[in-house]
Amino acid sequence: MSDITETTPGWLASDELELARARMPILYVEAVPVRVDDSGEVTHVGLLLRIGSDGTVSRALVSGRVLHHERVRDALLRHLEKDLGPVALPRVPASLQPFTIAEYFPTQGVTPFHDPRQHAVSLAYIVPVSGDCRPRQDALDLVWFSPQEAASALVQQEMPGGQGVLLKQALAHAGCLG
């Protein structure tokens, strides 16, 4: 038994996480933050601007792991607050049915989604936000695009790992692609 008291239950040490990633799929949630008008139609899509460990700049969705013993709803809210700030005022759907499930593989070409670190299964949600969004942690900025701009080839190529495909699926699900 360890003499160290665990103060953040659910988190794995980096070597434990690496071992788990090598042996089993890891559950994630992904959120497409949107602004909607009074009739509920999507007017803008928020994409994070990030710098990768290799120095590349890319656009990304809100994304993160679901912790051990954490409800999906709680994980979604935690990652929205972590990436968009504490006053983003997200409206998580009453029904937690994702608009799709993205399967990320370490081998390219199995699905449109690729993560060289692991096999991950991600529940994807469209989440309206009405508050002031100020990116935190490893995001440089949050940029709001019209649905048409977000679906453009230019924005799509700035989204690594297949997140551009996921964004287009979200836009189609919301009725934004004609």
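The values are calculated or read from the model by the stated rules, or taken from the named source; none is laboratory data. This structure is a prediction, so every number in the text was calculated from the model and none was measured. We place every Cβ from the backbone using ideal geometry, glycine too, and count neighbours over all the protein chains shown. Calculation scope for accessible area: heavy atoms of the full protein, side chains included, ligands and nucleic acids excluded. Shrake-Rupley method; radii C 1.70, N 1.55, O 1.52, S 1.80 Å.
Before moving on, here are some points about what is shown:
- Long-range neighbours under 6 Å by Cβ, at least six apart or interchain, first residue within 14 Å of residue 32 (Cβ to Cβ) within segment 157-171, second open to solvent by 20 Å² or more (accessible area, probe 1.4 Å) and of a type in the set (Ser, Thr, Tyr): 169/100
- Failed item in (1) open to solvent by 50 Å² or more (accessible area, probe 1.4 Å); (2) in contact with a strand residue (DSSP E or B) (Cβ under 9 Å, 6 or more places away or on another chain); (3) not in a strand (DSSP E or B), with residue 103 passing the rest: (3)
- Those strands (runs of 3 or more DSSP E) lying entirely in segment 36-82 with at least 2 residues under 29 Å from residue 148 (Cβ atoms) and among the aliphatic types (A, V, I, L, M): 42-51, 57-60
- Against the test of being more than 10 Å from the chain's Cα centre (by Cα), open to solvent by 50 Å² or more (accessible area, probe 1.4 Å) and closer than 21 Å to residue 157 by Cβ, the options 53, 58, 39 yield a single qualifying residue, 53.
- Within segment 134-174, tally of residues that are open to solvent by 40 Å² or more (accessible area, probe 1.4 Å), part of a helix (DSSP H, G or I) and within 22 Å of residue 98 (Cα to Cα): 6
- With respect to the conditions (1) surrounded by 17 or more Cβ atoms within 10 Å (Cβ to Cβ); (2) within 21 Å of residue 173 (Cβ to Cβ), residue 85 falls short on a single one, namely (2).
- Residue 129 falls short on exactly one of the conditions (1) open to solvent by less than 70 Å² (accessible area, probe 1.4 Å); (2) under 30 Å from residue 24 (Cβ atoms), and that condition is (2).
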